[in-house]
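Undergrad: Here you go, one structure.
Taken together, the values in this text are just the output of simple stated rules run on the coordinates, not laboratory data. Small disclaimer: the values here were computed from a predicted structure and weren't measured. Reconstructed Cβ throughout: ideal geometry from the backbone, glycine too, with neighbour counts over all protein chains shown.
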Amino acid sequence: MESNLSHETIKINQEIYRGTLEQSVELEYQLPDYYPGIFKMLQFRLEPHVCSCRTSGDQIIIDGDSTMKLMYVDEENGLIRTINQNIPFSKTMKLKNESEDTAIFYDIKTNYANCRIVSPRKIDIKGSLTISLKIQVQNDEMILNDASKEGIELNRNSVSIISDQIWTTRQFGISEQVELDPPAQEILDVRISAVANECKIISNKAITKGEAYINVLYCTENSNFPILKNFTTEISQIVDMPRIDENFTCDVRYDITSVDSNINENGNILDLDADVTVNSCAMLSKNIDLVTDAYSTECEIKTTTKEINFSSVLSLINDTVVLNETIEKIRFNEIYDMCVNITDLSPKQVSDGFSFNAKLHIMALVNSNDDVAEVYEKTIPIEFKLKKDINSENANVDVNLTVTNINYEIVNGNLQIKIYAHIGGFVFCNEKFAAVSDLILDDSKPKEKASSALMLYYPEHGDSVWNIAKKFCTSTKAIMEANDLEDDVVNNKVMLIIPIV
């Protein structure tokens, strides 16, 4: 029987890959002739960066590098020296299908890093990196929109979906000049991190503003013990994002991929140049009515359903978290520099937001009780909360954590650390629905009608009007009008009049 169906095509945001890739790091490095030889290694780090991440056909291609940072005491004068060297890599992985217009979320961390001194002028480096990936695409899904045949009842469920998604990445550079007082004789380390804390959307563009946090570790002419100076500068960028308008929710992430520095001959002016990768992801939410069930008051019907997996954006995260940690009974009396890294971030939804478990990795250049420079390393588990008003029990987060500032002091032999970090990203809700995509009426099997025009029914607490109407082969509209119901769920003990249509 002709049922006069109408269908519509909707865009569904779907995850096509979630996993990790491993990348090894191996390098035999010979010190240049102008570098003094190594007497004692103080500190070794591998700082990984993803410079570009893109899909091409059925492949995802990741280009990046790992910056080797070695701090040592030289064998000639006993001075602290540093070596920086970029180790590039390229990683390719095959996807199940060709994908266009993808959104790629990634994170990279160092699993382990080892530096072996072969000779005073030669080192052997081995390490391992882990790249975490999540790839999303938008697929077309055909669903039932309406059926105009008299007697067909449709149960609809209103849901919010990501109806459009725009992901772009681009590179830009920042240049900054900072003044060092007292002047520097030797630059030991320059670290820059950046966060985007504001995003303004205009037609087809996102204007981002943020801050870059600069840490310069150096030695002066009068002392070989390092000095740490901190600076902050504002940065901004205009990102082309076709189709974006003020109805989109946009998250922007800055990644510093390389840093170059040059000191003037007086040692008091440091010129800095950094390459920045900006990743912008914008999502548009739309409310749709999914038909989740159907029946006919006239005859039997056969429905075809499909499972719809979709995501919706509940809110944007752009906050600062403060972590306070105390390490007792330390064996040093002064700290020259401290680096911290937060990994293995694991979120869990709680009543007032999200709780996070993670690992805090601390590497500090310290002055030991013997008045000798050495490195202190420690990894400790941490937990912190992010308060968010979330009206969903199935919420999850996709966030990025960037350390912006570290304060520390030694009090009564205990190390007290206060860490400020920017946390940004999305709160998602992932849901599944069985949606009706088609139905067929069988007029050879008519429904048996009740002998009376109406019936009385005493529903259970929480009964839905839909289930009651389907049970008695009548319409939901007739039941609600006959009983002056405003809600489609019955929560009170009442007697309902059931009109038979």
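Undergrad: From the C-alpha gyration tensor of the range 327-376, pull out the three semi-axes of the equivalent ellipsoid (sqrt of 5λ each), sorted largest to smallest, in whole Å. Mind dumping the intermediate values first?
TA: On the way: eigenvalues 226, 23, 10 Å².
So the equivalent ellipsoid measures 34, 11, 7 Å along its semi-axes.
Undergrad: Need one number: nm distance between label points at Val372 and Asn86, each 7 Å from Cα along Cα→Cβ, rounded to one decimal.
TA: In this crude spin-label approximation the distance works out to 3.7 nm.
Undergrad: Moving to a separate point now. Using only the Cα atoms of the range 453-501, what are the Rg and Dmax in Å?
TA: 9.3, 26
Undergrad: Let me ask you something else. Provide Rg and Dmax in Å for the range 13-138, with only Cα atoms included in the calculation.
TA: Considering the range 13-138 through its Cα atoms, Rg and Dmax are 18.6, 61 Å.
Undergrad: Sticking with this one: Quote to one decimal, in nm, the extra length available between Lys94 and Asn287 on full extension: 0.36 nm per residue of separation minus the C-alpha distance between them. Don't skip to the answer; put the middle values down first.
TA: Details: separation 193, 0.36 × 193 = 69.48 nm, distance 3.43 nm.
Gain on extension, Lys94 to Asn287, equals 66.0 nm.
Undergrad: Next question, about the same structure. The range 27-91: percent of C-alpha pairs farther apart than 15 Å? Can you show the working numbers first?
TA: Values: 1263 of 2080 pairs.
Here the tail beyond 15 Å accounts for 61 percent of pairs.
Undergrad: Assign unit charges at the C-beta atoms only (+1 for Lys and Arg, -1 for Asp and Glu), then state the dipole size of the range 374-439 relative to its Cα centre in Debye, rounded to the nearest 20.
TA: 200 debye
Undergrad: Can you give me the Kirkwood hydrodynamic radius for the range 314-438, using every pair of distinct Cα atoms, in Å to one decimal?
TA: Working: mean 1/r = 0.0597 Å⁻¹.
Averaging 1/r across every pair of different Cα atoms and inverting gives 16.8 Å.
Undergrad: So, one more: Please work out, to two decimal places, the log10 of the ratio I(q)/I(0) at q = 0.14, 0.25, 0.26 Å⁻¹ from a Debye calculation in which every Cα of the range 245-328 carries one identical scatterer.
TA: Rounded to two decimals, the profile gives -0.89, -1.23, -1.26.
Undergrad: Determine which aspartates and glutamates satisfy two conditions relative to Lys91: a Cα distance under 18 Å, and not lying fewer than 8 residues away in the same chain.
TA: Within reach: Glu22, Glu26, Glu47, Asp58, Asp63, Asp65, Asp107.
Undergrad: Here is a further query. Report the Cα centroid-to-centroid distance between the range 224-264 and the range 128-205 in angstrom, as an integer.
TA: Spelled out, the Cα-based centre of one part sits 15 Å from the other.
Undergrad: Taking H as built 1.01 Å from N, whose amide H comes closer than 5 Å to the amide H of Lys40, not counting residues under 5 places away?
TA: Amide H to amide H, under 5 Å and 5 or more residues apart or across chains, Lys40 pairs with Val73.
Undergrad: Taking amide hydrogens as modeled 1.01 Å from N in the peptide plane, which residues meet the under 5 Å criterion relative to Gln185, leaving out close sequence neighbours?
TA: For Gln185, the qualifying residues are Cys219, Thr220, Glu221.
Undergrad: Run the helix sum for the chain: -39,500 (n - 2.57) per DSSP H stretch of 4+ residues, divided by residue count, reported at 222 nm to the nearest 500 deg cm²/dmol.
TA: Working: 2 runs with 15 residues, N = 501.
Counting only the DSSP helices, I get -1000 deg cm²/dmol.
Undergrad: In terms of Cα to Cα distance under 18 Å, which lysines are near enough to Lys149, apart from those fewer than 8 places away along the same chain?
TA: Lys302, Lys445, Lys447, Lys470, Lys477
Undergrad: At each listed q (0.09, 0.11, 0.13, 0.19 Å⁻¹), what is the log10 of I(q)/I(0) that the Debye formula gives for the range 150-303 modelled as equal alpha-carbon point scatterers?
TA: Computed log10 I(q)/I(0) values: -0.50, -0.61, -0.73, -1.05.
Undergrad: Rg to Rh for the range 368-501: what is it, with Cα atoms only and Rh by Kirkwood?
TA: Details: Rg = 31.3 Å, Rh = 22.4 Å.
Computed over Cα atoms, the ratio is 1.40.
Undergrad: To check my understanding: the extent here is largest minus smallest coordinate of the Cα atoms along each principal axis. What are those three numbers for the range 395-448, in Å, largest first?
TA: Principal extents (largest minus smallest coordinate, Cα): 88, 20, 10 Å.
Undergrad: Please report the spacing between the Cα centers of the range 271-285 and the range 350-426 in Å, no decimals.
TA: Each part reduced to its Cα centre gives a spacing of 23 Å.
Undergrad: Note down the magnitude of the dipole of the chain about its Cα centre, charges +1 on Lys and Arg C-beta and -1 on Asp and Glu C-beta and zero elsewhere, to the nearest 20 debye. Walk me through the intermediate numbers first.
TA: Details: 46 positive and 77 negative charges, 197 e Å.
It works out to roughly 940 debye.
Undergrad: Right, another one. Any idea which of Thr379, Val239, Ile166 is furthest toward the positive side of the dipole for the chain, if Lys and Arg beta-carbons carry +1 and Asp and Glu beta-carbons -1?
TA: Toward the positive end, the furthest listed residue is Thr379.
Undergrad: On to the next question. Which whole-number percent is the relative contact order of the range 275-359 (Cα, under 8 Å, 6+ apart)?
TA: Relative contact order here is 15 percent.
Undergrad: Which is the longest run of the chain containing none of the trypsin sites (Lys or Arg not before Pro) found in DSSP loop states (not H, G, I, E, B) with at most 11 other C-beta atoms within 10 Å? Mind dumping the intermediate values first?
TA: Numbers: sites that count: Lys96, Lys329, Arg331, Lys493.
Longest gap between qualifying sites, sites excluded: 97-328.
Undergrad: Placing +1 on the Cβ of each Lys and Arg and -1 on the Cβ of each Asp and Glu in the chain, which of Ser355, Asn279, Met495 has its Cα farthest towards the positive end of the resulting dipole?
TA: My answer, from the dipole projection, is Met495.
Undergrad: Determine ³J(HN,Hα), in whole Hz, for all residues of the range 80-95 in sequence, where each value follows from phi through the Karplus function 6.51 cos²θ - 1.76 cosθ + 1.60 and θ = phi - 60°; x replaces Gly and Pro.
TA: Whole-Hz 3J(HN,Hα) from phi for the range 80-95: 7, 10, 9, 10, 10, 8, 8, 10, x, 8, 9, 10, 10, 9, 8, 8.
Undergrad: Would you work out the charge dipole size for the range 453-501 about its Cα centre, treating the Cβ of every Lys and Arg as +1 and the Cβ of every Asp and Glu as -1, and quote it to the nearest 20 debye? Don't skip to the end; give the middle numbers.
TA: Values: 4 positive and 7 negative charges, 50 e Å.
The calculation lands at about 240 debye.
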